[in-house]
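The structure under discussion appears below in the form of structure tokens.
The values are calculated or read from the model by the stated rules, or taken from the named source; none is laboratory data. None of these values were measured; they are calculated from a predicted model. Cβ placement follows ideal geometry from the backbone for every residue including glycine, while neighbour counts extend to all protein chains displayed. What goes into the accessible areas is simple: the full protein's heavy atoms, side chains included, and nothing from ligands, DNA or RNA. Shrake-Rupley method; radii C 1.70, N 1.55, O 1.52, S 1.80 Å.
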Amino acid sequence: MTEGLKTTLRYYGISPWEIEVLYGFLNSHFTVIQDEIEQDDSDFVSSLDVEIPLAFNEEFFQWFDFKRWEKVKAVFKEMKRRRGTNNALKVKINFSGNPKIVFSVDVEDKQWFDNAIEKIDFVLELLPHHLDPQKLPSEISEINYKFDSDSIRWRLNSASSKSKKYSFTGNSWKEIT
């Protein structure tokens, strides 16, 4: 099942030490591809985009090992601590699957950033509700979550299919034109 799985670390403004530590945690389960890119968002000094070639589900966490996942989260939090306040760091974690699940963390405040990283796992419990075909627009291929500092939780943010994009507002999906 997992032979030859590749994960990509696409980044800028991340130290070689930080990449090496992340590489160490991921390398036991994946072939790690490192892709240092040019800064593509002037609002952030550092950015890390992690592609995980597995679905976001309970099986992933059991297979990857919960303790190892905790260490990966600790690296993200340490990266934020080292950069201080403001929009210094943006982390995006992409889980393959149908639909693809994407978490974007770009919270200025370190405490909220840490809280966001800690609570990614909690979304597992909400996933069956969020992916309910009765509530989701049809043929969705990607769902994006964004951490909401006001409510201190992950919120559905947007979704997309091949031809349409949706925003989650209030309690429903609205097509973006």
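Numbers below:
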{"quantity": "Solvent-accessible heavy-atom area per residue, rounded to whole Å², over the chain at 1.4 Å", "calculated": "55"}
{"quantity": "Relative contact order of segment 1-139, defined on C-alpha pairs under 8 angstrom at six or more residues apart (%)", "calculated": "23"}
{"quantity": "Integer Hz, Karplus 6.51/-1.76/1.60 couplings in order for segment 66-74, x for Gly and Pro", "calculated": "4, 5, 5, 4, 4, 5, 4, 4, 4"}
{"quantity": "Carbon/sulfur fraction of accessible area - the chain, other protein chains in place, 1.4 Å, %", "calculated": "47"}
{"quantity": "Among ASP41, ASP150, ASP49: highest mean-square fluctuation, GNM of the chain, C-alpha pairs under 10 Å", "calculated": "ASP150"}
{"quantity": "Sequence-distant aspartates and glutamates (8 or more away, or on other chains) whose Cα lies within less than 19 Å of LYS164", "calculated": "ASP132, GLU139, GLU142, GLU175"}
{"quantity": "Amide hydrogen neighbours beyond the local backbone of LYS100, cut-off 5 Å, H modeled", "calculated": "GLU142, ILE143"}
{"quantity": "Computed [θ] at 222 nm, helices only, for the chain once each DSSP H run of length n ≥ 4 contributes -39500 (n - 2.57)", "calculated": "-9000 deg cm²/dmol"}
{"quantity": "Folded to 0 to 90 degrees: helix 16-26 orientation relative to the chain principal axis, Cα", "calculated": "60"}
{"quantity": "Neighbour count of at most 16 Cβ within 10 Å plus DSSP loop: longest GluC sites (Glu not before Pro)-free window in the chain", "calculated": "39-107"}
{"quantity": "Relative contact order for segment 54-102, counting Cα pairs under 8 Å that sit 6 or more residues apart, in percent", "calculated": "50"}
{"quantity": "Separation in nanometres of the label points that stand 7 Å from Cα toward Cβ, at ARG81 and SER149", "calculated": "2.0"}
{"quantity": "Derived scalar couplings ³J(HN,Hα) [segment 40-52; Karplus, 6.51 cos²θ - 1.76 cosθ + 1.60; whole Hz; x for Gly, Pro]", "calculated": "10, 9, 5, 6, 10, 5, 9, 8, 9, 10, 10, 9, 10"}
{"quantity": "Rounded Å value of the spacing that divides the Cα centres of segment 121-159 and segment 6-41", "calculated": "26"}
{"quantity": "Total charge dipole magnitude, the chain, about the Cα centre, Cβ charges on Lys, Arg, Asp, Glu only, Debye to nearest 20", "calculated": "240"}
{"quantity": "Fraction of beta bridges assigned by DSSP in segment 87-172 that are antiparallel (%, nearest 5)", "calculated": "75"}
{"quantity": "Whole-Hz couplings from phi, Karplus 6.51/-1.76/1.60, listed for segment 114-130; x for Gly and Pro", "calculated": "4, 4, 4, 4, 4, 8, 3, 4, 5, 5, 3, 5, 8, 3, x, 5, 5"}
{"quantity": "Residue of ILE93, ILE152, ILE120 that the Gaussian network model of the chain assigns the largest fluctuation, springs spanning Cα pairs under 10 Å", "calculated": "ILE152"}
